[in-house]
Amino acid sequence: MKILLVAATYQEIEPFIKKYAPKFNTDELIEIDNHQIKIMITGVGMVSTAYALGKILALETFDLALNVGIAGSFYRNIKLGQLVEVREDILSELGAEDDEEFISLEELEMGNVEFRASEKIILREGFRKVTAITVNTVHGNEDSIVQIRERVNPTIETMEGAAFFYACEEAQVEALQIRSISNYVEKRNRENWNLGLAVKNLNDWLINSLKYI
């Protein structure tokens with residue numbers, strides 16, 4: 001397979017890059033067993049992600065695009081460092097306010113806000129399957145956390161996932177998204193985060209299992 005490996009930041013997949021592409025550049029194709037892998041670092045956020053993917057998917061074809069990175073969990077029954085597979089991702093902020101009510105873009109009949117992962121490519125690990133929201137501002141306020149849980153009830157949140165799925169859907173490329181939980185969604189407290197464990201577990205999986213996709 002020819003795989004496009006997509007991450008928002010270098011740091012999220014640094015161990016994988018150091019192992020397989022120590023002289024990393026964006027044009028490099030890495031050979032891992034029977035796969036050819038191109039790494040793309042998009043930058044943080046849905047705008048950067050959509051732009052970067054739009055550029056490359058207009059010029060190259062891939063059998064699979066795989067988005068990986070860290071994420072925050074709304075649920076504490078998911079452990080810090082646990083890997084999850086995002087099956088549905090929602091642009092939860094895209095819409096309009098009507099006083100206290102939020103109206104999604106779909107309810108306004110102006111477009112889609114929900115995007116899904118590939119049904120054709122199945123990972124052997126059987127990670128917990130979750131619903132994500134993609135946001136410009138990560139939640140750190142108790143009231144807004146309650147509101148989004150009541151309206152959407154997401155499992156995790158990121159700043160890129162739905163934009164990734166959207167770009168792949170438009171380009172007709174099979175897409176999967178794996179996230180490693182670095183923190184819980186709560187009033188911002190970095191002392192409770194475990195970025196190191198999340199990055200380690202994500203990269204251990206990439207190094208040991210990407211070749212088996």
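The values are calculated or read from the model by the stated rules, or taken from the named source; none is laboratory data. Since the model is a prediction, treat every value here as computed from it, not as a measurement. As a convention, Cβ positions derive from the backbone with ideal geometry for all residues, glycine included, and neighbour counts pool all protein chains shown.
What do you reckon, is E107 charged (D, E, K, R) and within 15 Å of R179 (Cβ to Cβ)? Here the answer is no, as E107 does not meet what is asked. Scanning the stretch 153-168 for residues that are closer than 17 Å to R76 by Cα and not acidic (D, E), which turns out nearest to the chain's Cα centre (by Cα)? Looking at the filtered set, the residue picked out is T158. Each residue in the stretch 34-49 was checked for being closer than 28 Å to T134 by Cβ, of a type in the set (S, T, N, Q) and either modelled with pLDDT under 95 or in a loop (DSSP other than H, G, I, E, B) (or both), and 1 of them qualify. For the stretch 185-213, the set of residues classified as at pLDDT 95 or above, in a helix (DSSP H, G or I) and under 17 Å from R76 (Cβ atoms) consists of L197, A198, listed by residue number. Taken over the stretch 91-149, the residue count meeting the criterion of being basic (K, R) and surrounded by 11 or more Cβ atoms within 10 Å (Cβ to Cβ) is 4.
Looking at (1) under 19 Å from L202 (Cβ atoms); (2) surrounded by fewer than 17 Cβ atoms within 10 Å (Cβ to Cβ); (3) modelled with pLDDT under 95, which one does I30 not meet, given that it meets all the others? For I30, the exception is condition (2). Kindly check whether there is at least one residue in the stretch 50-73 that is of a type outside the set (D, E), at pLDDT below 90 and touching a Ser or Thr at 6+ places or on another chain (Cβ under 9 Å). The answer is no, given that none of the residues of the stretch 50-73 is of a type outside the set (D, E), at pLDDT below 90 and touching a Ser or Thr at 6+ places or on another chain (Cβ under 9 Å).
Assess whether T61 counts as being closer than 21 Å to E174 by Cβ, hydroxyl-bearing (S, T, Y) and touching a helix residue (DSSP H, G or I) at 6+ places or on another chain (Cβ under 7 Å). No. Selection within the stretch 121-136: residues that are in a loop (DSSP other than H, G, I, E, B) and modelled with pLDDT of 95 or more. The member of this set that is farthest from A175 (Cα to Cα) is N136.
Among the residues of the stretch 1-33, those identified as closer than 23 Å to E174 by Cα and part of a loop (DSSP other than H, G, I, E, B) are M1, A8, T9, T26, D27, E28, D33. Scanning the stretch 1-49 for residues that are within 17 Å of the chain's Cα centre (by Cα) and of a type in the set (D, E) yields E12, E14. If you check A65, A52 for being over 30 Å from V146 (Cβ atoms), within 15 Å of the chain's Cα centre (by Cα), in a helix (DSSP H, G or I) and of a type in the set (G, A, S), only one passes: A52. Taking each residue of the stretch 105-133 that is on the phi > 0 side of the Ramachandran plot and looking for partners that are assigned to a loop (DSSP other than H, G, I, E, B) and surrounded by 13 or more Cβ atoms within 10 Å (Cβ to Cβ) with beta-carbon atoms closer than 7 Å, six or more apart or interchain, yields G111/L105. Filtered by the rule that a residue be touching a Gly at 6+ places or on another chain (Cβ under 7 Å) and either in a helix (DSSP H, G or I) or not hydrophobic (A, V, I, L, M, F, W, C) (or both), the stretch 137-181 gives E157, T158, E160, A167, Q177, R179, S180.
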